[in-house]
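> First the structure, then my questions, so here it is.
The values are calculated or read from the model by the stated rules, or taken from the named source; none is laboratory data. Quick caveat: nothing in here was measured; it's all calculated off a predicted structure. Every residue, glycine as well, gets a Cβ built from its backbone with ideal geometry; the counts of neighbours run over all protein chains shown.
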Amino acid sequence: MNIAVCDDLPEYREKLKELLTPYIVSNNLDIAEFSRGEDLLVSCEEGKSWDIVFLDIEMDGLSGIETGKRLRKLQRDMIVIFVTSHVSYVSDAFRQDAFQFLLKPVQEEDFRKDFERALRVWKNRRRRYLIKWRNTSNMLEYRSILYLEAYHRHVFVHTSDEDYECVGKLQEEYAKLRPFGFAQCHQGFIVNMSRVVSITKSSVKLDNGTEVPVSRRHYTNLMSDFNLYMAGKLI
């Protein structure tokens, strides 16, 4: 698991690394530190994938809020935990889809609770979904799935690379997938919320540009599920 700690003050970077130390071996953590948001962004642009990022809000140069906004465009399913000395920044952090925020000076119990929840979310996202069709079985990572579509008593699973077909009922598949961050947006469609870019009353836009229909009946529950998901409470 790749962890980035970004703070312009070295003492705060050291504190977070110290709090991460008990988890290094059991979770195979690879921890890197950055003193500027610009450098963290460059690492992503060069192909580095970060699983969890601790991001200070008040930094010289690019702020943590702006850094987080740009990170989301580069890697949608990254878990971002903002760190701040001021409660007044909390609302700004959550507008950027923050998983959580930590108040400086970071307390060990607060860190443990939030980091272990982030670990659970990260591990759940990497579990696999079994699809059976005739004599073939496929194991798909949940994060590779874009959406599911019901059509003529079949369920089509659309992923980043290809589409899969299986016999079954969409509601049965939804029951399996909902605990892992999926939501129903229409009677015939289920979307992976980690792949959602935007939602309107008529459609969901996914990160590959695909638009999936939203029905009036499902819109309210979809928005509720999405807000819970972004707050890290629905997975």
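> T84 passes all but one of (1) of a type in the set (S, T, N, Q); (2) crowded, with 18+ Cβ neighbours inside 10 Å; (3) under 19 Å from the mean Cα position of the chain (by Cα); which number fails?
(3)
> Residue by residue through segment 173-204, note down the ones that are buried (at least 19 other Cβ atoms within 10 Å of the Cβ) and basic (K, R).
Passing the criteria: only R195.
> Now for a different question. Out of (1) more than 30 Å from Y23 (Cα to Cα); (2) in contact with a helix residue (DSSP H, G or I) (Cβ under 9 Å, 6 or more places away or on another chain); (3) crowded, with 18+ Cβ neighbours inside 10 Å, the odd one out for L170 is which?
The single condition L170 does not satisfy is (2).
> Follow-up question, since we're still on this one. If I filter segment 121-143 down to residues being of a type in the set (K, R) and touching a residue at least 12 places away in the same chain (Cβ under 8 Å), which single residue comes out as farthest from R178 (Cα to Cα)?
Top of the filtered list is K132.
> Related question: Among the numbered criteria (1) surrounded by 15 or more Cβ atoms within 10 Å (Cβ to Cβ); (2) modelled with pLDDT of 90 or more, which one does N138 miss?
It is condition (2) that N138 fails.
> Of all residues in segment 205-221, which are part of a strand (DSSP E or B) and either touching a residue at least 40 places away in the same chain (Cβ under 8 Å) or surrounded by fewer than 15 Cβ atoms within 10 Å (Cβ to Cβ) (or both)?
Once the filter is applied, which keeps residues that are part of a strand (DSSP E or B) and either touching a residue at least 40 places away in the same chain (Cβ under 8 Å) or surrounded by fewer than 15 Cβ atoms within 10 Å (Cβ to Cβ) (or both), segment 205-221 yields L206, E211, V212, P213.
> Exactly one of (1) in contact with a strand residue (DSSP E or B) (Cβ under 9 Å, 6 or more places away or on another chain); (2) closer than 15 Å to A118 by Cβ; (3) among the hydrophobic types (A, V, I, L, M, F, W, C) is unmet by L19. Its number?
(1)
> Any residue in segment 162-174 that is among the aliphatic types (A, V, I, L, M) and touching a Ser or Thr at 6+ places or on another chain (Cβ under 9 Å)?
No, there is no match, as no residue in segment 162-174 is among the aliphatic types (A, V, I, L, M) and touching a Ser or Thr at 6+ places or on another chain (Cβ under 9 Å).
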